[in-house]
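Engineer: The structure under discussion is supplied below as structure tokens; questions concerning it will follow.
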Amino acid sequence: MKRLSVQRLLALTAAAVLVITPSVIWTQTSAAAMSEGLLCDTDANQTFSLTATDGYVSTPDGNSIYMWSYANSKRGFQFPGTTLCVESGRQVTVVLHNKLPEATSIVFPGQKAVKANGNPAQPQFDSGGSLTSLVQSAAATDGSVTYTFTAGSPGTYLYETGTDVDKQQQMGLYGALVVRPAGHANQVNDRGDSAFANGKEYVYLLSEIDPDVHLAVERNQPVNLNSSVARYFMINGRSMPDTLAPNNAPWLPTQPYGALVHIKPYDAATNPLPATIRYLNAGSVNYPFHPHGSDERVINRDGHALAGPEGQDLSYQKYDLDVGPGQTLDVLMDWRDVEGWNATTNPIPTQIPAITDQLLVGSDTWFSESGYLGTKNAVPSNMTQNNECGEYYHIAHSHALEQATNYGAAFGGMMTVFRIDPPAGCVSQ
Ligand SMILES: [Cu+2]
């Protein structure tokens with residue numbers, strides 16, 4: 001989208017968003033179990049029971065895909081694996097039960113003193129000396145293995161299969177592990193300047209799916225990973241526009257995690273802290289991800305604070321985040337471009353075109369062509385404005401545009417929106 005004019009880009013963005021305004025989706029169902037932002041499993045003893053099992057996920061183009069994933073053993077299949085939240089420096093126990101038709105395992109990169117059934121975690125070899133697994137595994141169909149480790153430095157980590165990795169990772173065996181600093185649950189790392197606003201915490205677990213591989217595994221046919229081509233690109237196991245739906249949306253029963261960032265503008269008195277977004281790449285290629293309209297501040301990489309030996313702040317502002325395979329990046333993000341809410345202080349005058357030059361579609365949508373979507377204006381009498389309360393929506397997506405598709409159809413895939421409510425909050429008009 002880099003070569004489009006700003007005006008055109010905003011028009012595209014607004015056109016895409018207004019058709020699928022999340023508040024419209026949201027109000028269609030009971031909001032009982034639905035929520036926004038990070039959902040994670042916690043346990044006072046930091047002991048978790050995961051089941052490697054199979055199930056199906058849906059894609060926005062109507063496909064249903066056979067997957068493998070790690071479910072919380074108390075719940076049914078879900079994709080991606082359940083997000084685990086633990087505290088740095090404390091022991092964690094993960095019991096893996098395997099319901100899959102082949103052996104599987106979990107590796108915990110970045111964690112300390114990892115053990116499997118009490119023995120040091122280490123690669124496994126068959127009698128001929130060939131590697132069979134990066135770590136002790138649970139046998140097919142009903143095996144289990146207990147991993148223990150000391151949670152590493154505060155930040156975000158993948159946990160993922162260590163067995164037949166190319167195939168099993170493609171099948172979906174991965175999840176996010178959030179390690180919190182001891183005593184500072186609202187900081188990303190041990191530094192005070194990594195504090196984030198209460199509840200404004202988001203995980204973006206990025207991955208991809210080649211449906212041909214999944215169909216072959218489902219049918220017990222040979223799998224050819226060398227000719228694999230990804231067709232679906234996911235944030236938290238969902239593709240746009242499903243990414244906009246809330247957590248636990250009932251129409252996505254096996255894909256519980258939403259990916260809509262929902263914040264208010266920075267304000268020194270009332271909203272001084274940023275949101276945090278935890279990016280993880282569980283795929284095989286780089287995902288160059290960016291929100292429109294704002295930089296993000298990268299403060300952690302692979303679970304380590306970006307700081308010098310004397311504690312120097314080595315964080316940096318970035319517009320496009322290149323999240324490499326296996327990598328995690330933790331960012332802070334706040335919204336400071338708020339002048340548009342008040343036309344009298346707007347430093348960038350935006351000429352709103354004549355009504356005859358505006359995009360008017362049917363009786364459903366209306367778009368002002370203003371660079372600022374944040375003002376709820378009167379609309380022509382036969383039009384419906386989906387802008388709920390003067391909020392902004394900005395697209396955030398993979399800049400490798402084939403990753404922003406559903407089997408080639410844009411807009412889709414690894415795409416979501418950031419929603420910025422007016423400073424006083426969202427009061428429907
Ligand atoms: Cu873009």
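Just so you know, all these numbers are worked out from the coordinates, no wet-lab data involved. Predicted model only: the values in this text are computed from it and were never measured. Here the Cβ is made from the backbone with ideal geometry for all residues, glycine too, and neighbour counts use every protein chain on show.
Engineer: Can you give me the Kirkwood hydrodynamic radius for segment 60-210, using every pair of distinct Cα atoms, in Å to one decimal? Before the final figure, lay out each step's value.
Structural biologist: Details: mean 1/r = 0.0602 Å⁻¹.
So the Kirkwood estimate lands at 16.6 Å.
Engineer: Apply 1/(1 + (r/R0)^6) to the Cβ-Cβ distance of Asn226 and Thr270, taking R0 = 35 Å, and write down the FRET efficiency to the nearest 0.05. Numbers along the way, then the final one.
Structural biologist: Working: r = 55 Å, r/R0 = 1.58.
Given R0 = 35 Å and the Cβ-Cβ separation, E is 0.05.
Engineer: Quote to one decimal, in nm, the extra length available between Glu218 and Gln122 on full extension: 0.36 nm per residue of separation minus the C-alpha distance between them.
Structural biologist: Details: separation 96, 0.36 × 96 = 34.56 nm, distance 3.00 nm.
Answer, rounded to one decimal: 31.6 nm.
Engineer: Roughly speaking, what is the stretch gain from Asp142 to Asp313, that is 0.36 nm per residue apart minus the C-alpha to C-alpha distance, in nm to one decimal? Provide the component values of the computation, followed by the final result.
Structural biologist: Details: separation 171, 0.36 × 171 = 61.56 nm, distance 4.83 nm.
Using 0.36 nm per residue and subtracting the Cα-Cα distance, I get 56.7 nm.
Engineer: Towards the positive end of the charge dipole of segment 244-312, with charges on Cβ (+1 Lys, Arg; -1 Asp, Glu), say which of Pro256, Ala307, Thr276 has the farthest Cα.
Structural biologist: Farthest along the dipole direction, towards plus: Pro256.
Engineer: If the chain between Ser73 and Lys112 were fully stretched, how many nm would it gain, using 0.36 nm times the residue separation less the Cα-Cα distance?
Structural biologist: Numbers: separation 39, 0.36 × 39 = 14.04 nm, distance 2.43 nm.
Result for the pair: 11.6 nm of gain on full extension.
Engineer: Sort the following peptides by mean Cβ neighbour count (other Cβ atoms within 10 Å, averaged over residues), highest first: 320-333, 38-51. The partial results should precede the final answer.
Structural biologist: Numbers: 320-333: 20.3, 38-51: 16.1.
So the order, starting with the most tightly packed, is 320-333, 38-51.
Engineer: Here is a follow-up. In segment 205-278, which trypsin sites (Lys or Arg not before Pro) fall in coil by DSSP and have 11 or fewer other Cβ atoms within 10 Å? Walk me through the numbers on the way to the answer.
Structural biologist: Working: sites: Arg219, Arg231, Arg238, Arg278; in loops: Arg219, Arg231.
Passing both the DSSP loop test and the Cβ count: Arg219.
Engineer: Enter the Cα centre distance for the pair segment 86-111 and segment 152-226, rounded to the nearest angstrom.
Structural biologist: 12
Engineer: For a protection proxy built on the mean count of beta-carbon atoms within 10 angstrom, sort 297-305, 187-195 highest first, please.
Structural biologist: Packing proxy ranking, top to bottom: 297-305, 187-195.
Engineer: Only bridges whose two residues both fall in segment 72-211 count here: according to DSSP, what percent of them are antiparallel, nearest 5? Could you put the intermediate results ahead of the total?
Structural biologist: Details: 23 of 28 bridges.
Within segment 72-211, antiparallel bridges account for around 80 percent of the total.
Engineer: Compute the distance from the alpha-carbon center of segment 277-328 to that of segment 230-246, in whole Å.
Structural biologist: Between the Cα centres of segment 277-328 and segment 230-246 lies a distance of 20 Å.
Engineer: In segment 289-341, if every C-alpha pair distance is counted and binned at 5 Å from zero, what percent goes to each bin?
Structural biologist: Computed distribution, short to long bins: 5, 18, 24, 21, 16, 9, 4, 2, 0.
Engineer: Also, quick follow-up: What is the Cα coordinate range of segment 233-333 on the first, second and third principal axes, sorted by size from largest, in whole angstrom?
Structural biologist: 49, 40, 21
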